[in-house]
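One structure is given below, encoded as structure tokens.
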Amino acid sequence: MSATRPAPHPPVGPQNKRVPSPPAGAPVLRTADNGDVTAIVALIQSAYRGESSREGWTTEASLLGGQRTDRTAIAEAVASTKTRVLVAVDDNWELIACCSIEHVDEQRAYFGTFAVRPRLQGAGLGKRMLAAAERVALHEWGCVRIEMLVIAQRTDLIEWYERRGYDRTGEFQPFPYGNERFGVPLRDDLYFVGLAKSFPAPGDSSGPAR
């Protein structure tokens, strides 16, 4: 390993405000910036593709090869005024988790770009990232519904979302076979299913909607 490396930038909050250094072992969540793009791409790749991904339970290595995302897609998301990309960093400022929430319209947001470093999966960090994205959608944007697409064959991941209040919508979308920007399929029956979670409108105390 090289003896020198670029100094990591400290975490910033939603309004790019500096936040205190985290205590050891306590990840800090912040909004991503352009300097995070390369690390986000590498994290997503490590969580879903290749042998390294098999260290965690989110691996798609048996379903897809090739890339999971690329610099262009992540850079566009980070730069977009309609999308908030969130990252978690450890006490060494190393990026260990990420997700995005997109403001689709006045009512809806879309969740994606979700990854946790494989060896840290199962410890609650993913739940914390999802909750942070939900807070952005609900409390900053006033959305009442969060949607996502998940590969249908990822039953373990779908069940994870269902335990957090997401339901199948009945929506199905084909996998983009032939477009290697989304990976190289290792089977011919892949497709996406829609999941969604509805929330009470601001001021409504009647409880979560479904």
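Which net charge results for the neighbourhood of I74, defined as the other residues with beta-carbon distances under 14 angstrom from its beta-carbon, given Lys and Arg at +1 and Asp and Glu at -1? Intermediate results must be reported in sequence, preceding the final value.
On the way: positive: R68, R71, R84, R181; negative: D33, D36, D70, E76, E102.
Here the charged neighbours net out to -1.
The length gained on full extension between T169 and Y191, counted as 0.36 nm times the residue separation minus their Cα-Cα distance, comes to 6.5 nm.
Using 0.36 nm times the number of residues separating T38 and T81, minus their current alpha carbon distance, what extension gain do you get? Display every interim value, and only then the final one.
On the way: separation 43, 0.36 × 43 = 15.48 nm, distance 1.98 nm.
That works out to 13.5 nm of additional length.
Convex hull volume of the Cα atoms of the stretch 28-198, normalised per residue: 111 Å³.
Could you size up the charge dipole of the stretch 28-198 around its Cα centre, putting +1 on the beta carbon of Lys and Arg and -1 on that of Asp and Glu, and report it in debye to the nearest 20? Provide the component values of the computation, followed by the final result.
Numbers: 21 positive and 24 negative charges, 50 e Å.
Using Cβ point charges on Lys, Arg, Asp and Glu, the stretch 28-198 gives about 240 debye.
Taking K and R as +1 and D and E as -1, what net charge do the other residues with C-beta under 10 Å from the C-beta of E55 add up to? Net of charged neighbours comes to +2. When peptides 174-182, 131-139, 117-125 are ranked by their average number of other Cβ atoms within 10 Å per residue, the highest-first order is 131-139, 117-125, 174-182.
Give the distance, in whole Å, between the Cα centre of the stretch 70-88 and the Cα centre of the stretch 124-172. Cα centroid of the stretch 70-88 versus Cα centroid of the stretch 124-172: 18 Å apart.
Please give the length that would be gained between E140 and A123 if that part of the chain were fully extended, namely 0.36 nm times their separation in residues minus their C-alpha to C-alpha distance (nm, one decimal).
Values: separation 17, 0.36 × 17 = 6.12 nm, distance 2.72 nm.
Contour length minus the Cα-Cα distance gives 3.4 nm.
Annotation for T155 and R54: the two label points, set 7 Å from Cα along the Cα-Cβ direction, are 2.1 nm apart.
Rule-based calculations on the coordinates, nothing more; no lab input. Because the structure is predicted, anything quoted here is derived from the model rather than measured. Cβ sites come from the backbone with ideal geometry, for glycine too, and all protein chains shown count toward neighbours.
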